[in-house]
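Enquirer: Attaching a single structure in structure tokens format; questions to follow.
What follows is calculated from the coordinates using simple rules that are stated; it is not laboratory data. Note that the structure is predicted; figures quoted are calculated from it, not measured. Neighbour counts are summed over all protein chains in view; Cβ atoms, including those assigned to glycine, are modelled from backbone coordinates with ideal geometry.
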Amino acid sequence: MIPMFLSLALAAAPVTPDGGAVVAKGQRFLAEVARTPQEQKLGLMHRQSLASDRCMIFIYAEDGNRSIWMQNCLISLDVVWVKEDGTIVETVEKAPPCSPMRGDDCPTYGGAVLSRHFVEFPVGTIKRLGLHKGDRLGWNLILSDGTKVVGGLPVPAEAKSRKTRKK
């Protein structure tokens with residue numbers, strides 16, 4: 001009876017979404033991961049905002065020319081494309097949302113340079129951090145199946161909050 005109860009409890013446990021951290025010029029971003037074709041197609045569509053410390057990283061197993069389009073996106077984004085070692089090879093600042101009036105006729109951005117992954121940041125991030133081609137990012141991700149995906153520059157451990165001292 002106990003094993004059956006345990007298996008039911010485990011089956012009911014929520015699945016942890018893919019996530020982790022991306023670091024650019026010492027700035028840590030809480031990262032959502034788009035790794036399946038469905039997640040990559042959805043991206044950040046329908047979002048009304050993206051906090052300044054958040055991003056979405058699109059991970060792939062092989063290099064490719066990957067352009068983005070902003071269909072159904074409600075916010076502008078900054079995007080960087082990186083090689084497997086985290087080196088930025090292409091950037092797009094302020095990619096604007098595509099009006100629903102255009103339907104499927106939205107412009108594409110980037111994808112002119114062979115890259116492994118790309119990261120969508122809140123608009124203004126590239127300028128704020130002074131990101132340029134040749135700079136390097138790092139990522140430390142944990143997928144829902146427990147797989148770790150680490151790449152680029154080393155990602156420092158998250159700083160632990162200090163406990164307040166008793167007086």
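Enquirer: Within region 16-152, what is the number of lysine pairs with alpha carbons under 20 Å apart, leaving out pairs fewer than eight places apart on the same chain?
Expert: 9
Enquirer: Fewest Cβ neighbours within 10 Å first, please rank SER67, SER99, SER115 accordingly.
Expert: Values: SER67 15, SER99 11, SER115 23.
By the 10 Å Cβ count, ascending, the order reads SER99, SER67, SER115.
Enquirer: With an 8 Å cut-off on Cα pairs and a minimum separation of 6 or more residues, tell me the relative contact order of region 16-152 in percent. Don't skip to the answer; put the middle values down first.
Expert: Working: 322 pairs, mean separation 41.4, N = 137.
Reported relative contact order: 30 percent.
Enquirer: Loop sites only, by DSSP: take the GluC sites (Glu not before Pro) in the chain that have at most 10 other C-beta atoms within 10 Å and name the longest stretch containing none of them. Working shown, then result.
Expert: Numbers: sites that count: GLU62, GLU158.
The reported range is 63-157.
Enquirer: If you line up the long axis of helix 2-12 against the longest principal axis of the chain, both from Cα atoms, how many degrees apart are they, to the nearest 10?
Expert: 20
Enquirer: Would you kindly work out the equivalent ellipsoid of the chain from its C-alpha gyration tensor and give its semi-axes, the square roots of five times the eigenvalues, largest first in whole Å?
Expert: Numbers: eigenvalues 178, 100, 59 Å².
Working through the eigenvalues yields semi-axes of 30, 22, 17 Å.
Enquirer: Same structure again: Can you check what the net charge comes to around ARG116, using other residues whose Cβ is under 10 Å from the Cβ of ARG116 (Lys, Arg +1; Asp, Glu -1)? Don't skip to the end; give the middle numbers.
Expert: Values: positive: ARG66, LYS83; negative: GLU62, ASP63, GLU84, ASP85.
Neighbourhood net charge equals -2.
Enquirer: So, counting K/R as plus one and D/E as minus one, what does the shell of residues with Cβ under 15 Å around GLU32 add up to? Write down the numbers at each step before the final one.
Expert: Numbers: positive: ARG28, ARG35, LYS41, ARG47, ARG54; negative: ASP18, GLU39, ASP53, GLU120.
Here the count lands on +1.
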